[in-house]
Amino acid sequence: MSALLDVKREFPILAQSARGKPLVYLDSAATTQKPRAVLEALRRYYEEDNANVHRAVHLLSERATKAYEGAREKVAAFLNAPSIREIVFTRGTTEAINLVAHTFGRTRVGAGDEVLVTHLEHHSNIVPWQMLCQSKGAALKVVPVLDNGELDLAVLDRLLGPKTKLLALGHVSNALGTINPVRDIVAKAKAKGIPVLIDGAQAVPHLKVDVQALGCDFYAFSGHKLYGPTGIGALWAKAEHLDAMPPWQGGGDMIASVRFEETLYNVPPAKFEAGTPDISGAVGLGAAIDWLTALGLDRVEAHEKALLEKGTALLSAVPGLTLVGTARHKAGVLSFTMEGIHPHDIGTVLDRQGIAIRTGHHCAQPLMERFGVAATARASLGVYNTEADLEVLAKGLTKVREMFA
Ligand code: PLP
């Protein structure tokens, strides 16, 4: 098997040594590295176009506005959103979900209602709903997960009921890599008239996403997991929801007119973007989307699938290692434990060999509890990873075992 993509060279940060060894970066689920195209776009924006958006007639402001709104068009095309009016820039997935909880949630969820999440969720798709339910006297319900890391869809069917005001679920699990059958799940919820929010943080870097084909109501993602900058992300929401939802943060840009007696709000998406936005972040995100699209998400998917298979085989051969999460459909995440060795020790020993993985609960404490562990070690893949990276990881794990044997 030969890796289909060869793009490591386009990522300057990956050329360095770590602890005197060539850096092997296997922490892309936490954040991805940035290709030169993104770094260049950020530099060019600040060197040539930087100004505030939407508010001035001068040339630089015109250019900055064009760049910012141009990025919105790129996000809309990337998700196949019907309209650019449906793209709200946020700080990331967390802020996008909080936005929906504070607006849609606040107006739609009342005492005795239910919000349905799954046991696979990242904390950012649990806590905002828990806070909402607590403040409204509503109940948070949870779809269980099977031993292989797949959702228990039979129970999901039963939990989607007349009291369910929203289903909020992840497209891809950051902790286990499970790819949920979101299209089928959305269809089940919509058949009962239940709106669906999808946390796409771990999906957009790996899979082609089409929000119209999915049929969901909200889709959230973060730029930094998509080879773009930190501090920027987006919420896609159906126009009918954005029109009906109240604003959540007040300030500049989200208004049509302000009087002490009454403020009239702007139309979406401006209604949800109070204050100076992360303009350069949006520009960088647009560049990341261009870069990934040119590479081709089909090829990215094939590349990562091949690496995942190779990594699964290599890690399964390490004595005493147990993979946590063995769903039939997985993205490039290898979560594991090693008998008698704490995940943090695994991470520390690997780090000394220049290998960057993540250890801990991965912001999914309920899921860790479900699998009876406090933490796992997690190697997660990006487009720049190679078979050689996985071989270095496997060798590194053999060293870990030798040290603790
Ligand atoms: N949802 C999932 C599945 C994630 O993996 C993450 C980040 O790890 C988030 C949400 C939160 O993303 P952010 O911290 O960029 O808002």
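Spatially, the range 75-115 and the range 1-49 are offset by 30 Å when compared through their Cα centroids. Relative protection proxy for 145-155, 203-213, 57-67, from highest mean packing down: 203-213, 145-155, 57-67 (other beta-carbon atoms within 10 angstrom). Cross-link candidates for residue 188: which aspartates and glutamates have Cα within less than 16 Å, leaving aside residues fewer than 8 places away along the same chain? Straight-distance partners of residue 188: 152, 157, 217.
The order of the peptides 360-368, 105-113 by mean Cβ neighbours within 10 Å, most packed first, is 360-368, 105-113. Membrane-span-like helices in the chain: DSSP H runs reaching 18 Å or more (Cα, own axis), mean Kyte hydropathy at least 0.5? Within the chain the helices that satisfy the rule are 279-295.
Full extension of the segment from residue 302 to residue 345, taken as 0.36 nm per residue of separation minus the current Cα-Cα distance, would add 12.2 nm.
Over 19 Å apart at the Cα level, from the set 34/66; 141/330; 8/225; 225/310, are 34/66; 141/330; 225/310. When only Cα pairs below 8 angstrom with a gap of at least 6 residues are kept, the chain shows a relative contact order of 24 percent.
When you count the other C-beta atoms within 10 angstrom of each residue and take the mean per peptide, 214-227, 305-318, 42-55 line up highest first as 214-227, 305-318, 42-55. When a/c reaches 1.5 or more, the comparison of a/b and b/c decides; with that in mind, is the range 344-405 rounded, prolate or oblate per its Cα gyration tensor? Oblate.
Which distance in Å, rounded to a whole number, links the C-alpha centroids of the range 227-260 and the range 370-384? The distance from the Cα centre of the range 227-260 to that of the range 370-384 comes to 34 Å.
Length gained on full extension, residue 55 to residue 329: 93.9 nm, using 0.36 nm per residue less the C-alpha separation. Ranking 385, 344, 5 by how far each Cα lies toward the positive end of the dipole of the chain (charges on Cβ) leaves 344 at the top. Rg and Dmax of the range 111-227, based on Cα coordinates, read 13.5, 42 Å. Between residue 43 and residue 73, the FRET efficiency estimated from the beta carbon spacing at R0 = 22 angstrom works out to 0.50. Note on the range 1-153: antiparallel DSSP beta bridges, both residues inside, total approximately 40 percent of the bridges counted.
Over all Cα atoms in the range 39-293, the spread is summed up by Rg and Dmax: 18.5, 59 Å.
Subtracting the Cα-Cα distance of residue 192 and residue 139 from 0.36 nm times their residue separation leaves 17.2 nm of extension gain.
Values quoted throughout were computed directly from the atomic coordinates according to the rules given, and no laboratory measurement underlies them. Please read these numbers as outputs of a predicted model, since none were measured by experiment. Using ideal geometry, Cβ is built from the backbone for each residue, glycine included, and neighbour counts are taken over all protein chains shown.
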